[in-house]
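Take a look at the structure below.
The values are calculated or read from the model by the stated rules, or taken from the named source; none is laboratory data. Everything numeric here is computed off the predicted structure, so don't read it as measured data. Glycine gets a Cβ as well: all are built from the backbone with ideal geometry, and neighbour counts include every protein chain shown.
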């Protein structure tokens, strides 16, 4: 991504301030968020991790209100409460049934919290560099910070370079680190943090569905019952965020015309 960015715009190198911010963002968004999430998956089902990830917009909207001055409306507040109630309901029943380990749940929550702070910092910093260079530096820094931990806690000889490893790594590199993350930063740059993070509400339904279809993970009736208030929260927060998104788009257009 860095090579691609420099090929498109050779002089688009981040300054000292931007580089320092990208280092922090790389640790928050990659080393901590992805690192803690993958470790959590050793003790927690993929479906529950997706439910915990759905709390991203709930936390983001609250922090964006204080740090980014994004307006908190009554409709948005009701949506947050409904979404949180659904997540808590699903988690409470799963812990009671001893389906998932508490340590894994804690790690997943820590990962989401790190990602939310990365979201707020990115919006606050207002970096103007190409998204390829922004994402490329973050991934590079995140990997460099994680490498010593990996070498200390695991053995390189344990890696099996079979077709499963190659396919999994290719998918993570192309569709997650490049495609998905670039799309995420684009959403953040073009709209509000609340509007962008609201897409994480899709995680519980999709996560439980693919966990059931692909991994054969067990689902219980409380999972689907808990989705009802989550869906209500999606509709309320997303509908509120659209008007704010239009306002930000107008501001971006005015700023571009002035430049």
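Determine whether the range 170-177 contains at least one residue that is closer than 30 Å to residue 82 by Cα, at pLDDT 80 or above and in contact with a helix residue (DSSP H, G or I) (Cβ under 9 Å, 6 or more places away or on another chain).
yes
For residues that are in a helix (DSSP H, G or I) and without any contact (Cβ under 8 Å) to a residue 12 or more places away in the chain, scanning just the range 4-16, find the one that is nearest to the chain's Cα centre (by Cα).
16
Return a yes/no flag: does the range 17-27 have any residue that is surrounded by fewer than 21 Cβ atoms within 10 Å (Cβ to Cβ), in a helix (DSSP H, G or I), within 13 Å of the chain's Cα centre (by Cα) and at pLDDT 90 or above.
no
Output the number of residues of the range 35-58 satisfying the condition of being under 12 Å from the mean Cα position of the chain (by Cα) and either surrounded by fewer than 21 Cβ atoms within 10 Å (Cβ to Cβ) or at pLDDT 90 or above (or both).
The qualifying residues number 1.
Out of the residues in the range 59-71 meeting the condition of being part of a loop (DSSP other than H, G, I, E, B) and touching a helix residue (DSSP H, G or I) at 6+ places or on another chain (Cβ under 9 Å), tell me which one is surrounded by the fewest Cβ atoms within 10 Å (Cβ to Cβ).
71
Which of the numbered conditions does residue 101 fail, given that it passes all the others? Conditions: (1) within 23 Å of residue 235 (Cβ to Cβ); (2) at pLDDT below 85.
Of everything listed in (1) within 23 Å of residue 235 (Cβ to Cβ); (2) at pLDDT below 85, residue 101 misses just condition (1).
Tell me, please, whether a residue that is at pLDDT 85 or above and within 30 Å of residue 10 (Cα to Cα) can be found in the range 146-166.
yes
Which ones in the range 106-118 are more than 21 Å from residue 2 (Cα to Cα) and either within 16 Å of the chain's Cα centre (by Cα) or surrounded by 22 or more Cβ atoms within 10 Å (Cβ to Cβ) (or both)?
107, 108, 109, 110, 111, 112, 113, 114, 115, 116, 117
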